[in-house]
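The values are calculated or read from the model by the stated rules, or taken from the named source; none is laboratory data. Here the structure is a predicted model, which is why all the values come from computation and not from measurement. Virtual Cβ from ideal backbone geometry, glycine too; neighbours counted across all protein chains shown.
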Amino acid sequence: MAIFASLLISLFLTVILTPVFNRLAKRLDMYDVPGPRKVHQLPVPRVGGLAMAIGAFVSIVIWTPLDSMIRAYLMGAMILVVFGIVDDWKGLGFKAKFIAQIITALTAIFYGNIRIVNLGALLPNGVILADWISALLTLVVIVGVTNAINLSDGLDGLAGGICMLSFCCIGYLSYLERDFNIVIPIAALVGAIIGFLRFNTFPATLFMGDTGSQLLGFSAIYFSLALTQGQSGLSPLLPLIILGFPVLDTLSVMGERIAKGRSPFSADKNHFHHRLMRMGLFHTESVFCIYIIQVVLVLSAFALRYNNEWMLLVSYLIFATIVVAFFHWADATGWKFRRFSFIDQIVKGRLRVLREQGLFIMIIFWTLEWGVPLLLVVTCFLPAAIPLYFSVSAAVLLVGLLLTRIFKKDWTKGAVIVSLYLFIPALIYQSDTEAWIQGPLMRLYHLLFVIFVLFAIATLRFTKRMKGFKLTPTDLLVLFITSILLILPELRLQYGLMVVKTIMLFFLYEIILGEIRDKIGTVAVLTVAAYLIVVIRGLTG
């Protein structure tokens, strides 16, 4: 329960705080302005990192025992956040950033006792690194990875997606090792990223800035070292595989700059994501391509978690050689990805005809608009009993909605969204742990989720709206991660269906509210009905 709660609290806080910080960005002029090496065309607020940091920190403090490892993490992360805020607001040179990163790394090393002391089979049996070598190597690795994630933040959803995949791998390995002092903070960070990516998918309305990218980079290397340098039995080289793509990207770019006689910290557009776009991929296609590479790396890390370190190192060097050679060859020859006319003309053309006809979308969306809220109402009847605290919480949400409708009518849609984000996870938890139906009826209930998701995907493909919810690589990434929960037996029994159904309902409501815009009558009425059912059932016993 603590893992699930940690993720959800972080997610909610990030989503709720983002609009607040967006207003702050307008007052303080904290915008990322378009430039020669930028791919966005309009100024974008860069306060997402602050929202993520607060969401994650609050959740970690609530749910994680504050031992020296966690205290050191929070201290180091807060240092990076403070420097990051100043950098996103006023701008700092790379020397000031390095000072902050070095202080953070030293906090991790000497207070959190996070050190690289074991290199496995790369050293003779039983040999560990001397203290000064260990401290120096750890310092270089923490600062290096923090910068690597920072520099990878070049396309909408890219750094967040890479880190979410890395965190999921670290979290699952920690779960298998029963190290919940790592699992729970990782869950909080994943929740913060999911909440942030809601605003950061292409075209992004929010950037994480250096505040967010440095926080994610430091968190990734901190917890991966805490896991693999402990008593887990996992290979100490796993962080190289899990975080290998952004590290390779950074080393490759800096190497090219040095070879050309330039500063390794000078700005350019030669990162892997820039090169993919020069090869003819669209923005979202480039992000999706890197997601696939990162998926391969984290799956490889899981498969090789107990293998010989020489095997891991050789495997990574082969991967790195192939990637660098491919990009070098593509740059030298001007090679581009081929666009298939069959897909662009025939398939998309058929879809365009169906979209223009309109009848199909009307039928499936009407079913979605009524079916999903009714499914939520049905879910309210599944728990054998409703706890009093849940009933009281639903009453508070209900009163909040009614007061918003009366005094701030234009806020109604936002209030409905926020209340559903709070209500749905608690309801799914109650219905999964206290359900009175089983067998065929429960399978039919689960089948409805799948049917509505298929209807939702059809809605996205055939809608005529230019704005509203759009399926992005980030959505596919989240759906991929949730589907993994159903495959992994250790998580499926305890969290799988609960998390999948929660995210499915979030996904479905996002699409419905994106399509109906301000005409939320049906959704609002059925939401109020669901809250009333929970209130009445809880109060009447």
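Listed here are the residues, each with its yes/no results for (1) surrounded by 13 or more Cβ atoms within 10 Å (Cβ to Cβ); (2) of a type in the set (Val, Ile, Thr); (3) outside the structural domain of residue 314 (by TED's automatic domain parsing).
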| residue | (1), (2), (3) |
| --- | --- |
| 101 | yes, no, no |
| 124 | no, no, no |
| 142 | yes, yes, no |
| 147 | yes, no, no |
Query raised in the report: Just wondering, is there one or more residues in region 108-124 that are under 26 Å from the mean Cα position of the chain (by Cα) and either closer than 27 Å to residue 272 by Cβ or outside any loop (DSSP other than H, G, I, E, B) (or both)?
Result: yes
Query - Of all residues making up region 316-331, the number that are more than 15 Å from residue 246 (Cα to Cα) and in contact with a helix residue (DSSP H, G or I) (Cβ under 8 Å, 6 or more places away or on another chain) - result: 2
Query raised in the report: Taking residue 515, is it of a type in the set (D, E, K, R), closer than 22 Å to residue 374 by Cβ, at pLDDT below 80 and part of a helix (DSSP H, G or I)?
Result: yes
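Here is a yes/no grid of residues against (1) in contact with a Lys or Arg (Cβ under 8 Å, 6 or more places away or on another chain); (2) surrounded by 15 or more Cβ atoms within 10 Å (Cβ to Cβ); (3) at pLDDT below 90:
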| position | (1), (2), (3) |
| --- | --- |
| 269 | yes, yes, yes |
| 279 | yes, yes, yes |
| 284 | no, yes, yes |
| 297 | no, yes, no |
| 310 | no, no, no |
| 322 | no, no, no |
Query raised in the report: For residue 232, all conditions in the list (1) over 17 Å from the mean Cα position of the chain (by Cα); (2) buried (at least 24 other Cβ atoms within 10 Å of the Cβ); (3) hydroxyl-bearing (Ser, Thr, Tyr); (4) modelled with pLDDT under 90 hold save one; what is the number of the exception?
Result: (2)
Report task. Tally the residues that are crowded, with 19+ Cβ neighbours inside 10 Å and at pLDDT below 85, restricting the search to region 78-99. Result -> 1
Report summary line: For region 205-214, the count of residues that are more than 11 Å from residue 18 (Cβ to Cβ) and either in contact with a strand residue (DSSP E or B) (Cβ under 6 Å, 6 or more places away or on another chain) or surrounded by fewer than 24 Cβ atoms within 10 Å (Cβ to Cβ) (or both) equals 1
Query raised in the report: Got a sec? Which helices (runs of 4 or more DSSP H) wholly within region 204-320 have at least 1 residues that are free of Cβ contacts under 8 Å to residues at least 24 places away in the same chain and over 29 Å from residue 71 (Cα atoms)?
Result: 244-259, 272-278, 283-303
